[in-house]
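The values are calculated or read from the model by the stated rules, or taken from the named source; none is laboratory data. A quick note: this is a predicted structure, and the numbers were derived from the prediction, not measured. All Cβ positions, glycine included, derive from the backbone under ideal geometry; neighbour counts span all protein chains shown.
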Amino acid sequence: MDDDERARDKFFAERDLDDVSVEEIRERIVQLEAEIDRLRAEIERKTAHLSAADAVFKR
């Protein structure tokens, strides 16, 4: 397993929440929502980039 695979596994790993407070869970939700927004923006950026490339190379 290379570093990229390990990073992806860690990124998507579930966390044991038994010892986590409600406030910590709320904070984590805020962090995850911010990450979701960042990921959606990246999808939009990449989709726009691909659309622009398609427009250039399609005749």
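Pairing each residue of region 27-53 that is within 20 Å of Phe12 (Cβ to Cβ) with any residue that is surrounded by 10 or more Cβ atoms within 10 Å (Cβ to Cβ) and β-branched (Val, Ile, Thr), provided the two are 6+ apart or on different chains, yields C-beta distances under 9 Å for Arg28/Val20.
A single member of Ile29, Ile25, Ile36 is surrounded by 10 or more Cβ atoms within 10 Å (Cβ to Cβ), assigned to a helix (DSSP H, G or I) and modelled with pLDDT of 95 or more, and it is Ile36.
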